[in-house]
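Colleague: First, the structure itself, so that you have it in front of you.
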Amino acid sequence: MAGRCVFSLSAMVFAVQDLHIEFGPRVLFDSLSFVVEQGERIAFAGQNGAGKSTLMKCIVGVLEPDRGKVLLPRHTQVGYLPQDGIHISGTPLLEEVLGSVGGVVLLQQQVDELSAELQSLPADSPEYRETLEEIGHLELLLQERDAARLRPRTESILRGLGFSSSDFARDCGEFSGGWQMRIALAKLLLQEPEVLLLDEPTNHLDLQSQRWLEQNLRHYRGAICIISHDVALLDSLVSRTIAFHHGRAEEYAGNFSFYLRESKARKEILLRQAKAQQRELAKTQEFIDRFRAKATKATQVQSRIKQMEKVELIEVEEDDAVMSFHFPPPPPGGHTVVSLEKASKAYGAVTILDRYDYSMPKGDRVAIVGVNGAGKSTFTRLISGTEALDAGTFAFGHHTQVAFFSQTHADVLNNEQTVLECVEAAASRETRPLVRNILGCFLFRGDDVFKKIGVLSGGERSRVALVCMLLKPANFLIMDEPTNHLDFQSQEVLQRALAEYPGSYCIVSHNRQFLDPIVNKVLEFRPGHAPRLFHGNVSAYLETVEAEERRAAETAAASPSSSFSAGDGGQPANKRDARRARAAAREQRNRLVKPLEKELQEVENSIAVADERKATISAELEKPENMSDNQKLMELTQEYQLLERESESLYSRWEELSCEIELKIAELEAEFGDTGA
């Protein structure tokens with residue numbers, strides 16, 4: 001288990017001390033030490049297998065290190081989100097997440113213990129101030145466990161992560177693996193532990209949920225250690241990077257892009273120093289060889305021999321070999337790749353497509369985006385021909401040959417085959433010589449290729465399925481979340497190969513960094529709406545959508561009463577219909593927006609009360625009679641700290657409510673316009 005000691009809560013939240021971890025002959029970490037301070041945002045970087053996830057498991061106490069320890073201050077809470085392996089069932093969603101914030105009795109016991117300790121500490125000692133601060137922190141947590149205040153925040157977090165109100169009563173067991181991870185993430189965000197350890201938190205999030213999470217993490221009060229292949233998230237969030245490579249760790253005082261630049265610069269400097277050292281050693285060796293036999297130079301020769309023996313050689317680690325992969329030449333095809341005409345598809349009451357027309361010309365490179373559950377994966381199955389339409393027609397173009405990577409393809413691999421056997425069986429005669437190279441590109445190197453499929457992790461199986469698909473000659477590629485289990489190097493290999501690929505492709509992904517350089521169109525899926533096609537990459541699409549949201553919010557703010565009128569896009573047939581439409585819009589606004597506005601006003605009032613009381617306490621603290629009264633000083637200081645934390649919580653809730661009101665107004669305007677069309 002992790003060791004515990006008392007640190008200043010104003011700075012350190014945990015420390016890794018002389019950690020040593022090895023698996024058989026392989027040393028992951030040797031004498032690893034670092035400190036994480038309050039409020040820090042740290043990225044753990046390095047290739048897959050470098051030990052990042054293992055380190056997180058050691059910090060949280062899931063794994064025991066071979067040597068060394070993790071030091072945690074007393075009562076520090078650590079929240080951990082693993083990559084996979086989470087399954088929750090038997091409880092309704094909202095109840096499960098609400099129930100994760102418990103431990104009120106335990107918190108009260110901790111407060112009582114610390115209060116007893118406080119009585120025996122000198123009032124002017126650092127220990128007194130630290131204990132007082134910890135009591136204030138725990139009492140704030142007790143206040144936040146109030147169910148009446150907790151429920152709105154829980155619902156806000158769940159909606160931010162993509163759940164709808166209709167999901168709240170569903171049993172958690174009904175949700176798939178990606179949604180299970182969202183449930184676990186919601187519980188952590190609600191609990192607000194002092195330290196968040198997040199292992200690939202965006203793997204199963206759509207773009208909208210990613211944007212929400214990024215905003216939420218920016219304002220998170222605790223420390224965050226994160227593993228992610230999402231460069232945009234890391235660059236916007238972290239201010240420190242710890243990179244792991246060949247059992248060693250190096251620290252960089254910046255975000256991920258800074259780390260990439262700085263590590264390259266450090267390597268170049270080290271190479272120059274190593275070359276300069278080798279030149280000096282060569283000169284010294286030349287002198288020794290030249291004058292070794294001369295008695296008059298014997299003293300100088302011996303001196304230089306001793307100097308050379310004491311030199312600490314500068315070692316430059318070789319970079320892991322960067323492999324490249326090229327798609328097999330695609331067969332020629334016609335002008336149209338695939339087409340849908342009056343296509344309809346539904347699952348029960350959920351409509352994915354309704355008389356939808358779509359035609360993909362040769363050369364299109366399309367990113368398919370949208371919230372989870374909107375129909376992206378269904379669409380890939382429809383255009384790959386693996387699932388039938390309910391109505392309408394589907395057709396491939398002349399000589400279209402498709403290669404399809406689905407998230408479910410990993411489940412049908414033969415568990416008895418080795419990785420190499422599986423991939424060779426999928427390869428054609430032309431691509432079989434490429435098998436070992438492409439396996440290396442996707443992290444199967446050396447003896448890894450002889451592992452049985454049955455012993456691989458979910459991510460490894462997914463990579464095998466991806467390799468099998470990539471070796472198939474085709475002029476139309478369809479890929480559903482291909483980068484979920486790839487490290488940066490493998491992502492770059494695939495990205496470069498796609499950039500050079502002369503065929504057409506559709507890719508479902510939420511990885512903007514991966515998609516932006518290689519797509520020219522974006523197909524957006526929204527529940528209850530027909531898919532929309534945008535020209536440009538994902539960043540251009542997001543700018544367009546954000547501009548639409550801003551215009552809708554500005555219109556609503558400028559004219560609240562007319563925001564929900566019929567407008568130009570949906571003229572009612574007569575005045576009576578217009579009145580009914582306006583009445584329906586007002587009813588919707590009152591039902592959905594008014595409660596939020598009421599809560600916003602209550603929050604603003606609470607902020608004003610807290611600020612007024614803080615000003616009063618500040619004045620009291622400056623009075624000489626209070627400065628000399630330790631008991632009074634303790635009470636005032638404790639109350640001020642509680643109010644300070646309460647204000648932070650109130651301001652955070654104010655921001656959430658303001659954003660939620662703007663979004664609701666925009667949604668209502670869009671919905672009313674659609675119904676009036």
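Colleague: Which members of segment 49-69 meet the condition of being part of a helix (DSSP H, G or I) and of a type in the set (D, E, K, R)? Working first, answer last.
Modeller: To start, the set of residues in segment 49-69 that are part of a helix (DSSP H, G or I) comprises 52-60.
Scanning segment 49-69 gives LYS52, LYS57.
Colleague: What are the pairs with Cβ atoms under 6 angstrom where one residue, in segment 54-67, is under 12 Å from VAL16 (Cβ atoms) and the other, located anywhere, is part of a loop (DSSP other than H, G, I, E, B)? Sequence gap at least six, or different chains.
Modeller: Pairs that qualify, where the first residue is under 12 Å from VAL16 (Cβ atoms) and the partner is part of a loop (DSSP other than H, G, I, E, B), are CYS58/PRO65.
Colleague: Looking only at segment 499-525, which residues are without any contact (Cβ under 8 Å) to a residue 24 or more places away in the chain and either in a helix (DSSP H, G or I) or of a type in the set (S, T, N, Q) (or both)?
Modeller: Just the residues of segment 499-525 that are without any contact (Cβ under 8 Å) to a residue 24 or more places away in the chain, to begin with: 499, 516-517.
Hit for segment 499-525 is ALA499, nothing else.
Colleague: Same structure again: Given the conditions (1) at pLDDT below 90; (2) more than 24 Å from ALA349 (Cβ to Cβ), and given that GLY370 satisfies all but one, which numbered condition is not satisfied?
Modeller: (2)
Colleague: Shifting gears a bit: When you check ALA615 against the structure, is it in the same structural domain as LEU663 (by TED's automatic domain parsing), loosely packed, with under 11 Cβ neighbours inside 10 Å, at pLDDT 60 or above and within 15 Å of SER647 (Cβ to Cβ), yes or no? First the steps, then the outcome.
Modeller: Values: in the same structural domain as LEU663 (by TED's automatic domain parsing): yes; loosely packed, with under 11 Cβ neighbours inside 10 Å: yes; at pLDDT 60 or above: yes; within 15 Å of SER647 (Cβ to Cβ): yes.
Answer is yes for this residue.
Colleague: For THR241, all conditions in the list (1) of a type in the set (Ser, Thr, Tyr); (2) within 16 Å of the chain's Cα centre (by Cα); (3) modelled with pLDDT under 85 hold save one; what is the number of the exception?
Modeller: (3)
Colleague: With respect to the numbered conditions (1) surrounded by 18 or more Cβ atoms within 10 Å (Cβ to Cβ); (2) within 24 Å of the chain's Cα centre (by Cα); (3) modelled with pLDDT under 90, which one is the sole condition not fulfilled by LEU523?
Modeller: Here LEU523 clears every test but (3).
Condition check ((1) exposed (fewer than 13 other Cβ atoms within 10 Å of the Cβ); (2) touching a residue at least 40 places away in the same chain (Cβ under 8 Å)) across all residues:
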{"site": "LEU271", "(1), (2)": "yes, yes"}
{"site": "THR284", "(1), (2)": "no, no"}
{"site": "LYS306", "(1), (2)": "yes, no"}
{"site": "PHE327", "(1), (2)": "no, yes"}
{"site": "GLY334", "(1), (2)": "no, yes"}
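Colleague: Follow-up question, since we're still on this one. In this structure, is GLY446 farther than 25 Å from GLY333 by Cα and under 25 Å from the mean Cα position of the chain (by Cα)? Before the answer, list the steps.
Modeller: Numbers: farther than 25 Å from GLY333 by Cα: yes; under 25 Å from the mean Cα position of the chain (by Cα): no.
Criteria not met by GLY446.
Let's see how each residue does on (1) in a strand (DSSP E or B); (2) touching a strand residue (DSSP E or B) at 6+ places or on another chain (Cβ under 7 Å); (3) not aliphatic (A, V, I, L, M):
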{"position": "ASP235", "(1), (2), (3)": "no, no, yes"}
{"position": "ALA249", "(1), (2), (3)": "yes, yes, no"}
{"position": "SER257", "(1), (2), (3)": "no, no, yes"}
{"position": "GLN273", "(1), (2), (3)": "no, no, yes"}
{"position": "VAL301", "(1), (2), (3)": "no, no, no"}
{"position": "ARG304", "(1), (2), (3)": "no, no, yes"}
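Colleague: Six or more apart or on different chains, Cβ atoms under 8 Å: show the pairs whose first residue is in segment 10-28 and of a type in the set (D, E, K, R) and whose second is at pLDDT below 85 and in a strand (DSSP E or B).
Modeller: ASP18/SER31; GLU22/LEU28
Colleague: Quick one: would you say GLU174 is at pLDDT 85 or above and not β-branched (Val, Ile, Thr)? I'd like the intermediate steps shown before the answer.
Modeller: Details: at pLDDT 85 or above: yes; not β-branched (Val, Ile, Thr): yes.
Taking the combined requirement at face value, the residue satisfies it.
Colleague: Would you mind stating whether SER166 is hydroxyl-bearing (Ser, Thr, Tyr), more than 18 Å from ALA45 (Cα to Cα), at pLDDT below 85 and not assigned by TED's automatic domain parsing to the domain that holds ARG261?
Modeller: Working: hydroxyl-bearing (Ser, Thr, Tyr): yes; more than 18 Å from ALA45 (Cα to Cα): yes; at pLDDT below 85: no; not assigned by TED's automatic domain parsing to the domain that holds ARG261: yes.
When the stated conditions are applied, SER166 does not pass them.
Colleague: Going by what's in this entry, would ARG159 be described as part of a helix (DSSP H, G or I), modelled with pLDDT of 85 or more and either touching a His at 6+ places or on another chain (Cβ under 8 Å) or buried (at least 17 other Cβ atoms within 10 Å of the Cβ) (or both)? So that I can check it myself, show each step before the final result.
Modeller: Details: part of a helix (DSSP H, G or I): yes; modelled with pLDDT of 85 or more: yes; either touching a His at 6+ places or on another chain (Cβ under 8 Å) or buried (at least 17 other Cβ atoms within 10 Å of the Cβ) (or both): yes.
Here the answer is yes, as ARG159 does meet what is asked.
Colleague: Condition check: surrounded by fewer than 19 Cβ atoms within 10 Å (Cβ to Cβ), within 26 Å of PRO332 (Cβ to Cβ) and not small (Gly, Ala, Ser). Does THR431 satisfy that? Working first, answer last.
Modeller: Working: surrounded by fewer than 19 Cβ atoms within 10 Å (Cβ to Cβ): yes; within 26 Å of PRO332 (Cβ to Cβ): yes; not small (Gly, Ala, Ser): yes.
So THR431 passes the test.
Colleague: While we're looking at this one, here's another question. Which pairs do you get when a residue that is at pLDDT 85 or above, found in segment 409-430, comes within reach of a residue that is in a loop (DSSP other than H, G, I, E, B) and not aliphatic (A, V, I, L, M), reach meaning Cβ atoms under 6 angstrom, with the pair 6+ apart or on two chains?
Modeller: VAL419/PHE444; VAL419/LYS451
Colleague: Give me the pairs: first residue in segment 222-241 and without any contact (Cβ under 8 Å) to a residue 24 or more places away in the chain and among the acidic types (Asp, Glu), second residue buried (at least 20 other Cβ atoms within 10 Å of the Cβ) and assigned to a helix (DSSP H, G or I), beta-carbon distance under 9 Å, and six or more apart or on different chains, which are they?
Modeller: Pairs that qualify, where the first residue is without any contact (Cβ under 8 Å) to a residue 24 or more places away in the chain and among the acidic types (Asp, Glu) and the partner is buried (at least 20 other Cβ atoms within 10 Å of the Cβ) and assigned to a helix (DSSP H, G or I), are ASP235/PHE256.
Colleague: Another one. Looking only at helices (runs of 4 or more DSSP H) that fall completely inside segment 367-479, which ones have 1 or more residues that are aliphatic (A, V, I, L, M) and not assigned by TED's automatic domain parsing to the domain that holds ARG512?
Modeller: On the way: elements: 376-384, 419-426, 435-441, 458-470.
Passing ranges: none, list empty.
Colleague: Let me ask something else about it. Please tell me if THR408 is out of contact with any strand residue (DSSP E or B) (no Cβ under 6 Å at 6 or more places or on another chain), under 30 Å from LEU158 (Cβ atoms), of a type in the set (S, T, N, Q) and surrounded by fewer than 17 Cβ atoms within 10 Å (Cβ to Cβ).
Modeller: Numbers: out of contact with any strand residue (DSSP E or B) (no Cβ under 6 Å at 6 or more places or on another chain): yes; under 30 Å from LEU158 (Cβ atoms): yes; of a type in the set (S, T, N, Q): yes; surrounded by fewer than 17 Cβ atoms within 10 Å (Cβ to Cβ): yes.
Yes; evaluated as a whole, the condition is true for this residue.
Colleague: Within segment 180-206, which residues are modelled with pLDDT under 90 and over 18 Å from SER100 (Cα atoms)?
Modeller: Selection gives GLU200, THR202, ASN203, HIS204, LEU205, ASP206.
Colleague: Same structure, new question: So is GLU133 surrounded by 15 or more Cβ atoms within 10 Å (Cβ to Cβ) and modelled with pLDDT of 85 or more or not? Walk me through how you get there before you give the answer.
Modeller: Working: surrounded by 15 or more Cβ atoms within 10 Å (Cβ to Cβ): yes; modelled with pLDDT of 85 or more: no.
No.
Colleague: Related question: Kindly list the number of the only condition in (1) of a type outside the set (Val, Ile, Thr); (2) at pLDDT below 85; (3) in contact with a Pro (Cβ under 9 Å, 6 or more places away or on another chain) that fails for PRO122.
Modeller: PRO122 satisfies every listed condition except (3).
Colleague: Right, GLY370: crowded, with 21+ Cβ neighbours inside 10 Å and on the phi > 0 side of the Ramachandran plot or not? Can you show your working first?
Modeller: Values: crowded, with 21+ Cβ neighbours inside 10 Å: yes; on the phi > 0 side of the Ramachandran plot: yes.
Judged against the criteria, GLY370 is a match.
The values are calculated or read from the model by the stated rules, or taken from the named source; none is laboratory data. Bear in mind that the values here come from a model prediction, so they are computed numbers and not experimental data. Cβ sites come from the backbone with ideal geometry, for glycine too, and all protein chains shown count toward neighbours.
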